[in-house]
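Asker: Below are the structure tokens for one structure; questions will follow.
The values are calculated or read from the model by the stated rules, or taken from the named source; none is laboratory data. Predicted model only: the values in this text are computed from it and were never measured. Don't worry about glycine lacking a Cβ; one is built from the backbone with ideal geometry, like all the others, and counts go over all protein chains shown. Just so you know, the surface numbers come from the protein's heavy atoms only, side chains and all, with ligands and any DNA or RNA stripped out. Shrake-Rupley method; radii C 1.70, N 1.55, O 1.52, S 1.80 Å.
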Amino acid sequence: MAPGVPGIPVKLDSPRELNHKPSKEGLVKFSKPRRYNDIEKFDQFERFDKIDNSPEKSEKVEFLREFSNKYGYNGKIDTIIDHEYPHLKNTTYLDHTGATIYPKSAVDSFADDLRNHCFGNPHSKNSSSQLSTERVNRVRARVLNYFNADPNDYQVIFTQNATAAIKMVGEVFPWTYGKSSFRYMRENHNSIVGLRRFAEENNSPDVKVVTEKDLESMFNAYSEHRNVNLPPETNNSTVYGLFAYPAQCNFSGRKFPLSWVKKIKSFDTDYSKILILLDAAAYVSCSPLSLADKDDSPDFVALSFYKMFGFPTGLGALIVKNELSSILKKRYFGGGTLRAVAFDRSWQMFRRDLSERFEDGTINFLNIIALEHSFNAMEKIYGNLFYVREHLTSLSTFLYRKLSSLRHLNGSPLCVLYSNNDYSDSSLQGPIFNFNVKRADGSWIGYREVEAAANERGINLRVGAFCNPGGLAKWLKFTPDQVMAGFLEGKVCDDDIDIFKGRIVGSVRVSLGAMTTIDDVLKLLAFLREYIDNTTSAPPLQHKSSRVMSKHLSQKVEMSITHPNMMVEKMTYTRDLHPKQLE
Ligand SMILES: Cc1ncc(COP(=O)(O)O)c(C=O)c1O
């Protein structure tokens, strides 16, 4: 158990059980607490005026009738927005998985801190340096405490972002050449997929993408053989494999079970162990993560702080188990990571402490100091993640219901939503809505068009494939062959081509955050309703499915690409043929 952390392990059933207790002095003071369940008086809330005389007004009443006990932090949401987010005034911000928005008080108190103290480069004995060191250490402890991690079990290594944390795992992992496996979930961010390069470099015989279904059947099959502890073929050293998965998919918002860690670890033997990297970047923005039970928790957790607090940017962390210290392999060194070094030969002695050994160069000490202000502000404004989760579940359940009921006059659905959940259970689904918009005839409205129209209305959402090629494969049914073929025909990530050869090649993502209001949600719905076609009752056209097309009209192609570094890469892919090519 983490010393000084009351009440862990955290069970998130009620606010009282939470570690992150709202501090009483810190809470925003409201002259007159206004509760949203006072529906008769709802006109007093200034944000209603903007959507008066519209279906949204009655929808707001409908929403409040059902969700006022969960929504809005006990009636404080409007005051929170006014005090803390004046910069959101003319914006409907719905890209919280991209980055959430910083509160004013965090920025103000950080600025005050900078104005009132002199922070120097840490790790020296002068007073400004010592002040920085002291603050940085305090923040390290705060991060561990936030995740209920015992400092005896885990350490925080500060990085530039989640991607740098993930890359660090690849660099320091104890790969055994020709033996270590690397498996990763299909719905991973590219930052995880990139780890494949380290596995390939180490001639891994087993680099595999797994789906949720694969994992479940693996758990079932392996449990029959769990006592088999085969010795290694050559020597007695343990072979480590790596398994990486996201706690929450940044494409669909699906949350993957944290209980997988325990299941995977139960197959470890003396000779073969799987270390688990949890990509928590999308998850921790509004979901609590507890590392209190070390043995059932991931070995590495990667995250970016701007996704949790909006500020500071340029700061992430790799939270690592201390017990791995002796097997993690540090190659490069720079700055204070060493105890001693010879300048002219291969001799250097690394520091023992994980964070000292792994944080090359000067740490981003001012941003780390800023992080403390963000933790304080978050606690002061929202109390704890329990309230944030309640708030978001109410908005998400409502938005899901409304989105899935939007129809054209002819009955065809306006939106195709990429999720299998109904958003009422926050343990399965985060507040991400990934969808595409269709016309009444069933044809796609390109996501770039939706993005531009949303922009005109002050709605900030994100479109594309969200650096998640596996998410694209799962939800839009794109095979790697098709992606490769598309590339060779000119389709690249993040370009403006949203419909390629008749297929939609990405989607629209709306993601909610702690400060999202029902008015933001209603504004989004009002915007989407503009696409509803009330002029035709003709049924949608029967479009030929592009999957069927690719089955019938395809050709296997082999080719090689020469990269700028002169590496030649052989590619085999299956090309969809344009009907003209068949003539
Ligand atoms: C699940 C997930 N992993 C990793 C990343 C990469 O984060 P960063 O760009 O901060 O390194 C993101 C960013 O959106 C993400 O959502």
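Asker: Does N152 satisfy the criteria of being at pLDDT 95 or above and either open to solvent by 30 Å² or more (accessible area, probe 1.4 Å) or under 22 Å from T479 (Cα atoms) (or both)? Full working, then the answer.
Answerer: Working: at pLDDT 95 or above: yes; either open to solvent by 30 Å² or more (accessible area, probe 1.4 Å) or under 22 Å from T479 (Cα atoms) (or both): yes.
So N152 passes the test.
Asker: Now for a different question. Looking at R339, R357, R352 in this structure, which one is under 30 Å from F300 (Cβ atoms), of a type outside the set (A, V, I, L, M, F, W, C) and part of a strand (DSSP E or B)?
Answerer: Values: R357 fails: part of a strand (DSSP E or B); R352 fails: part of a strand (DSSP E or B).
Selected residue: R339, the only one of R339, R357, R352 that is under 30 Å from F300 (Cβ atoms), of a type outside the set (A, V, I, L, M, F, W, C) and part of a strand (DSSP E or B).
Asker: Is it the case, given these coordinates, that V320 is more than 11 Å from the ligand (Cβ to nearest atom), modelled with pLDDT of 95 or more, of a type outside the set (S, T, N, Q) and in contact with a Phe, Trp or Tyr (Cβ under 9 Å, 6 or more places away or on another chain)? Step through it out loud before you land on a result.
Answerer: Numbers: more than 11 Å from the ligand (Cβ to nearest atom): yes; modelled with pLDDT of 95 or more: yes; of a type outside the set (S, T, N, Q): yes; in contact with a Phe, Trp or Tyr (Cβ under 9 Å, 6 or more places away or on another chain): yes.
For V320, the condition - more than 11 Å from the ligand (Cβ to nearest atom), modelled with pLDDT of 95 or more, of a type outside the set (S, T, N, Q) and in contact with a Phe, Trp or Tyr (Cβ under 9 Å, 6 or more places away or on another chain) - is met.
Asker: From the set of residues in the range 276-285 that are part of a loop (DSSP other than H, G, I, E, B) and either open to solvent by less than 20 Å² (accessible area, probe 1.4 Å) or under 25 Å from E171 (Cα atoms) (or both), which is farthest from the ligand (Cβ to nearest atom)?
Answerer: If we filter the range 276-285 for residues that are part of a loop (DSSP other than H, G, I, E, B), which is where we start, we get 280-285.
Then keep just the ones that are either open to solvent by less than 20 Å² (accessible area, probe 1.4 Å) or under 25 Å from E171 (Cα atoms) (or both); that gives 280-284.
Working: A280: 8, A281: 4, A282: 4, Y283: 7, V284: 10 Å.
It comes out as V284.
Asker: Somewhere in the range 438-445, is a residue surrounded by fewer than 18 Cβ atoms within 10 Å (Cβ to Cβ), of a type in the set (S, T, Y), more than 25 Å from N190 (Cβ to Cβ) and under 23 Å from the mean Cα position of the chain (by Cα)?
Answerer: There is no residue in the range 438-445 that is surrounded by fewer than 18 Cβ atoms within 10 Å (Cβ to Cβ), of a type in the set (S, T, Y), more than 25 Å from N190 (Cβ to Cβ) and under 23 Å from the mean Cα position of the chain (by Cα).
Here's the yes/no breakdown for (1) touching a residue at least 40 places away in the same chain (Cβ under 8 Å); (2) closer than 28 Å to K438 by Cβ; (3) among the hydroxyl-bearing types (S, T, Y):
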{"site": "S374", "(1), (2), (3)": "yes, no, yes"}
{"site": "A377", "(1), (2), (3)": "yes, no, no"}
{"site": "S394", "(1), (2), (3)": "yes, yes, yes"}
{"site": "R401", "(1), (2), (3)": "no, yes, no"}
{"site": "S404", "(1), (2), (3)": "no, yes, yes"}
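Asker: Can you tell me how many residues within the range 286-312 are out of contact with any Leu (no Cβ under 9 Å at 6 or more places or on another chain) and either in a loop (DSSP other than H, G, I, E, B) or away from the ligand (no atom under 16 Å from the Cβ) (or both)?
Answerer: Of the residues in that region, 5 qualify.
Asker: Name the helices (runs of 4 or more DSSP H) wholly within the range 101-215 that hold at least 2 residues that are within 19 Å of the chain's Cα centre (by Cα)?
Answerer: 127-146, 162-172, 190-193
Asker: Could I ask something else about it? Any idea which residue in the range 238-250 is surrounded by the fewest Cβ atoms within 10 Å (Cβ to Cβ), counting only those that are away from the ligand (no atom under 11 Å from the Cβ) and in a strand (DSSP E or B)? Break it down stepwise before answering.
Answerer: Taking the range 238-250 first, the residues away from the ligand (no atom under 11 Å from the Cβ) are 238-243.
Add one more test, that the residue is in a strand (DSSP E or B), and what stays is 239-243.
Working: V239: 18, Y240: 20, G241: 22, L242: 25, F243: 23.
Here the residue is V239.
Asker: Just to be sure I understand, how many residues within the range 251-275 are farther than 17 Å from Y423 by Cα and away from the ligand (no atom under 15 Å from the Cβ)?
Answerer: Residues flagged as farther than 17 Å from Y423 by Cα and away from the ligand (no atom under 15 Å from the Cβ) within the range 251-275 amount to 17.
Asker: Kindly list the number of the only condition in (1) of a type outside the set (S, T, N, Q); (2) open to solvent by less than 10 Å² (accessible area, probe 1.4 Å); (3) in a helix (DSSP H, G or I) that fails for Y423.
Answerer: All conditions pass for Y423, except number (3).
Asker: Please go through the range 131-170 and give me each residue that is touching a Phe, Trp or Tyr at 6+ places or on another chain (Cβ under 7 Å) and within 16 Å of the ligand (Cβ to nearest atom), ordered by number.
Answerer: I157, M168, V169, G170
Asker: Inspect the range 407-414 for any residue being modelled with pLDDT of 95 or more, under 27 Å from T79 (Cα atoms) and open to solvent by 60 Å² or more (accessible area, probe 1.4 Å) and give the result as yes or no.
Answerer: So far as the range 407-414 goes, no, none of its residues is modelled with pLDDT of 95 or more, under 27 Å from T79 (Cα atoms) and open to solvent by 60 Å² or more (accessible area, probe 1.4 Å).
Asker: Condition first: open to solvent by 30 Å² or more (accessible area, probe 1.4 Å), within 16 Å of the ligand (Cβ to nearest atom) and at positive phi. Now tell me which residues in the range 461-491 satisfy that.
Answerer: C467
Asker: So which residues in the range 171-194 are open to solvent by less than 40 Å² (accessible area, probe 1.4 Å) and without any contact (Cβ under 8 Å) to a residue 60 or more places away in the chain?
Answerer: G178, G194
Asker: Further question: Give all pairs with beta carbons closer than 6 Å in which a residue from the range 91-104 that is over 20 Å from A280 (Cβ atoms) and within 16 Å of the ligand (Cβ to nearest atom) meets a residue that is outside any loop (DSSP other than H, G, I, E, B) and open to solvent by less than 20 Å² (accessible area, probe 1.4 Å); count only pairs at least 6 apart in sequence or on separate chains.
Answerer: Cβ pairs passing all conditions: L94/V510.
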